[in-house]
Amino acid sequence: MFAQVERLPADPILGLTEAFNKDTNPNKIDLGVGVYRNAEGITPIMRAVKKAEAQLLEQETTKAYIGSHGDPLFAQHLLPLVLGANSPALDAQRATLTQAPGGTGALRLAADFIKKTAPEKKVWISNPTWPNHYAIFKAAGVEKGNYAYVDAKSNELDFPAMLADLKEIPQGDVVLLHACCHNPTGFDLDQEQWKQVAEVLQERELLPLIDFAYQGFGQGLEEDAWAVRFLAEKLPEVMITASCSKNFGLYRERTGAFIALAANREDMEKVRSQLAVVARSNYSNPPAHGSALVGIILGSQELKSLWQEEVTEMRERINNLRQEFVQALEPFGLADKFACVAQQRGMFSYSGLKPEEVEQLQKEFGIYMVKTGRMNIAGYNQDNLQYLCKAIASVCKTS
Ligand code: LMR
């Protein structure tokens, strides 16, 4: 049988890490996969996480299963982080959380849940989006459609086109939205724009699925949750996928959650029962280590403050790098061309570099980024910024 199996190309994002690791260029720079790196180019274990791990080592008494919905303490602390400490949805007991193996696992839960309970619904995805969105919904057998997001020519957010497309989506379908730090573009909606989106969702009874993978990386932990909380207040039903990969640095621990807000407690219980079955038939129980750490951190005033400081450090470093990048391109006459990088938010920038320029950067300079021109801003530092900008100037001149 295996001889008949088709060989597939590497993943457009994870495949870059493999190629980067093999590259012998001493000046190589990895701007591919979305992991945070500090000024030394390292993805550190956060100090709050290290302290929580020490506590966990002391206190953990069992490795028994944690159940299909995951760790109750994790849910108890993550829900208010996402929905707000005074969330009316939490007071009304209309929210349910199912822990998942990372944000990707949460999206897969969402996709399977949609396929199982409302197979006629299509999911509408921004163009462009994180490529794995397509793969996840395809694997779950959910049909997909696109709505406009960025104007390909100007490389700017095209909000009128987005809104016009949302108005055409068939009533009752699912719309996948990025809460903040849009992946791959870094272009976010402002509050006025979110209000207009909410109106369309309301009018057409569309069901939002909000991908919330970068809380704290845009403008702040509370600020980044604004749209999630606004939609949670305005709409009877909302789905959210949250990730602790980035803001807790727990990438490989696979820690995330699928959150559903229903119109009332009774409906919420129905949804929850479905999610237990979806999780059970996928992986049964989620991994316990990451969620235990999140529970410890958010449950301790001291560790929570330390963690908040660290999230601020990461966010500020990324935002400074954005400014420095544009400044460093000034001598090459490219500051205007790349001015958008300083305005975008989160880990990624849709740089506007064309696929052939990206290819040249990789081949000639050992600089790796996603083919679409998406750069991980946290991937460069003071030591290699000049090299990066020189390389970009060189490919922009020749192409
Ligand atoms: C990314 O977009 O690079 C991250 O979300 C990591 C991933 O799984 O693709």
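The values are calculated or read from the model by the stated rules, or taken from the named source; none is laboratory data. All values reported here derive from a predicted model rather than from experimental measurement. Cβ: placed from backbone, ideal geometry, glycine included. Neighbour counts: every protein chain shown. Remember, those area values only see protein heavy atoms, side chains included, never the ligands or the DNA or RNA. Shrake-Rupley method; radii C 1.70, N 1.55, O 1.52, S 1.80 Å.
What are the residues in region 104-118 that are surrounded by fewer than 24 Cβ atoms within 10 Å (Cβ to Cβ) and among the basic types (Lys, Arg), if any?
Answer for region 104-118, where residues must be surrounded by fewer than 24 Cβ atoms within 10 Å (Cβ to Cβ) and among the basic types (Lys, Arg): LYS115, LYS116.
For region 372-399, which positions are basic (Lys, Arg) and surrounded by 17 or more Cβ atoms within 10 Å (Cβ to Cβ)?
ARG374, the sole residue that qualifies.
Just name the residue that is farthest from the ligand (Cβ to nearest atom) out of those in region 126-139 that are open to solvent by less than 30 Å² (accessible area, probe 1.4 Å) and closer than 28 Å to SER291 by Cβ.
Looking only at region 126-139, we keep the residues that are open to solvent by less than 30 Å² (accessible area, probe 1.4 Å), and these are 126, 128-129, 133, 136-137.
Narrowing further to those that are closer than 28 Å to SER291 by Cβ: 129, 133, 136-137.
Numbers: THR129: 10, HIS133: 10, ILE136: 11, PHE137: 15 Å.
The residue in question is PHE137.
For SER349, only one of the following conditions fails: (1) more than 15 Å from the ligand (Cβ to nearest atom); (2) open to solvent by less than 60 Å² (accessible area, probe 1.4 Å); (3) of a type outside the set (A, V, I, L, M). What is its number?
Among (1) more than 15 Å from the ligand (Cβ to nearest atom); (2) open to solvent by less than 60 Å² (accessible area, probe 1.4 Å); (3) of a type outside the set (A, V, I, L, M), SER349 violates only (1).
Of all residues in region 32-45, which are near the ligand (Cβ under 10 Å from one of its atoms) and not small (Gly, Ala, Ser)?
VAL33, VAL35
Only one residue in PRO12, PRO26 is under 20 Å from SER243 (Cβ atoms) and open to solvent by 50 Å² or more (accessible area, probe 1.4 Å), so which one is that? Lay out the reasoning, then the answer.
Values: PRO26 fails: under 20 Å from SER243 (Cβ atoms).
Residue meeting the stated conditions: PRO12.
Going by what's in this entry, would MET268 be described as outside any loop (DSSP other than H, G, I, E, B), within 16 Å of the chain's Cα centre (by Cα) and in contact (Cβ under 8 Å) with a residue 12 or more places away in the chain?
no
For region 141-148, state whether one or more residues are within 16 Å of the ligand (Cβ to nearest atom), basic (Lys, Arg) and under 20 Å from the mean Cα position of the chain (by Cα).
No: region 141-148 contains no residue that is within 16 Å of the ligand (Cβ to nearest atom), basic (Lys, Arg) and under 20 Å from the mean Cα position of the chain (by Cα).
Does any residue of region 171-183 turn out to be free of Cβ contacts under 8 Å to residues at least 12 places away in the same chain and either within 16 Å of the ligand (Cβ to nearest atom) or part of a helix (DSSP H, G or I) (or both)?
We begin by selecting, within region 171-183, every residue free of Cβ contacts under 8 Å to residues at least 12 places away in the same chain; these are none.
There is no residue in region 171-183 that is free of Cβ contacts under 8 Å to residues at least 12 places away in the same chain and either within 16 Å of the ligand (Cβ to nearest atom) or part of a helix (DSSP H, G or I) (or both).
Suppose we filter ALA213, ALA179 for residues that are under 23 Å from PHE248 (Cβ atoms), touching a Lys or Arg at 6+ places or on another chain (Cβ under 9 Å) and of a type outside the set (Ser, Thr, Tyr); which single one remains?
Details: ALA179 fails: touching a Lys or Arg at 6+ places or on another chain (Cβ under 9 Å).
Selected residue: ALA213, the only one of ALA213, ALA179 that is under 23 Å from PHE248 (Cβ atoms), touching a Lys or Arg at 6+ places or on another chain (Cβ under 9 Å) and of a type outside the set (Ser, Thr, Tyr).
May I ask you to say which residue of LEU81, LEU56, LEU90 is open to solvent by 10 Å² or more (accessible area, probe 1.4 Å), farther than 17 Å from HIS289 by Cα, touching a residue at least 12 places away in the same chain (Cβ under 8 Å) and touching a helix residue (DSSP H, G or I) at 6+ places or on another chain (Cβ under 7 Å)?
LEU81
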